[in-house]
Each structure stands twice: as C-alpha cells, then as structure tokens.
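Report on the structure given below.
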Amino acid sequence: MLHLFDAYALLFQAWRVVSYEQDGAAYALQVTAVLRDGSRLEIREYFFPDGGRKYAYHWMGVDGSLRCRWDNAPHWPEIATAPHHVHLPGQARPAASIITTLEDLLQFLVGTLETPPARG
C-alpha cells in the first residue's frame, strides 16, 4: 500500500507512517500526510485475518476543519453504498461514497487538487 504514496508523490508535501503492525497477513496502518495545498490527511487501514477490512480517511483543511471523512463503519445501513460512506462538512448524516480504497481517495484528490496524474 505504501507504494501508492510514491506513485502519487505530486499530491504530498510530506507524509509519514505513524504506526504499522503486522501479524501474518493482517495489519494495521496509520499514516499522516500534508497535501500540496497544506491540507492534512489522516489514514487508518486495518486488514484482518479473515479478509475483512476497516478504514477511515479523514481530510482536513489547513485550519483543521473537516473537508471529508470516508469510512466503512457499519453505523449507516440505510445508505446505498453501506457500509461505505462519506461525512461532509455541515451535514448531519453521511452520504453514499464510491471511495472505498486508498487508491480511490488519491485519484479523487488528484482531480480535486488539480494535480498531475500519478506516475507509472
């Protein structure tokens, strides 16, 4: 997964692995990044031995305000893309989301930040 940070290097001013734990095929990863516009991205990914996955991608403005938070917590079963959903500023309920992987998110950010596409 970390290869994506190299592939999408033009998105970032800096990024670092906050924590990484692995047990066989299972792992937990937490990354914090500063995007080229100064906004911040907090990434949490968990892969479980049974093949299950949990994630949360929290994108904040320079001032720390929420831009978007994508996750797959099962709290909103009525959403069409459940458990995948996105929390948007000023909205009490999350919306459906097609961003379900780190690569989906990075591709979205390329378009949103008008960054040149990923390399190779």
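Among the residues of segment 39-58, count how many are over 16 Å from Ile98 (Cα atoms) and either surrounded by 15 or more Cβ atoms within 10 Å (Cβ to Cβ) or of a type in the set (Gly, Ala, Ser) (or both).
So the answer is 11.
In segment 62-120, which residues are in a loop (DSSP other than H, G, I, E, B), in contact with a strand residue (DSSP E or B) (Cβ under 6 Å, 6 or more places away or on another chain) and small (Gly, Ala, Ser)?
Within segment 62-120, Ala80, Ser97 qualify.
For residues in segment 83-111 being closer than 21 Å to His3 by Cα and out of contact with any Leu (no Cβ under 7 Å at 6 or more places or on another chain), which is surrounded by the most Cβ atoms within 10 Å (Cβ to Cβ)?
Leu105
Among the listed residues Gln13, Gln22, identify the single one that is exposed (fewer than 14 other Cβ atoms within 10 Å of the Cβ) and farther than 20 Å from Asp63 by Cβ.
Gln22
Six or more apart or on different chains, Cβ under 6 Å: which pairs go from a residue in segment 5-28 that's under 14 Å from Arg44 (Cα atoms) to one that's in a helix (DSSP H, G or I)? Could you list them?
Qualifying pairs under 6 Å: Trp15/Phe5.
Scan segment 62-82 and give yes if some residue there is hydroxyl-bearing (Ser, Thr, Tyr), under 24 Å from Thr112 (Cα atoms), buried (at least 16 other Cβ atoms within 10 Å of the Cβ) and touching a residue at least 40 places away in the same chain (Cβ under 8 Å), otherwise no. Walk me through it before giving the result.
As a first pass, look at segment 62-82 and keep what is hydroxyl-bearing (Ser, Thr, Tyr): 65, 81.
Subsequent filtering for residues that are under 24 Å from Thr112 (Cα atoms) retains 65, 81.
Right, trim to buried (at least 16 other Cβ atoms within 10 Å of the Cβ) and you get 81.
From what's left, touching a residue at least 40 places away in the same chain (Cβ under 8 Å): none.
Scanning segment 62-82 turns up no residue that is hydroxyl-bearing (Ser, Thr, Tyr), under 24 Å from Thr112 (Cα atoms), buried (at least 16 other Cβ atoms within 10 Å of the Cβ) and touching a residue at least 40 places away in the same chain (Cβ under 8 Å).
For segment 22-61, which residues satisfy the criterion of being closer than 20 Å to Tyr8 by Cα and either part of a loop (DSSP other than H, G, I, E, B) or of a type in the set (Lys, Arg) (or both)? First the steps, then the outcome.
Going residue by residue through segment 22-61, those that are closer than 20 Å to Tyr8 by Cα are 29-45, 55-61.
Residues satisfying the conditions are Arg36, Asp37, Gly38, Ser39, Arg40, Arg44, Gly61.
Coordinate-derived values only; no laboratory data. This structure is a prediction, so every number in the text was calculated from the model and none was measured. Virtual Cβ from ideal backbone geometry, glycine too; neighbours counted across all protein chains shown.
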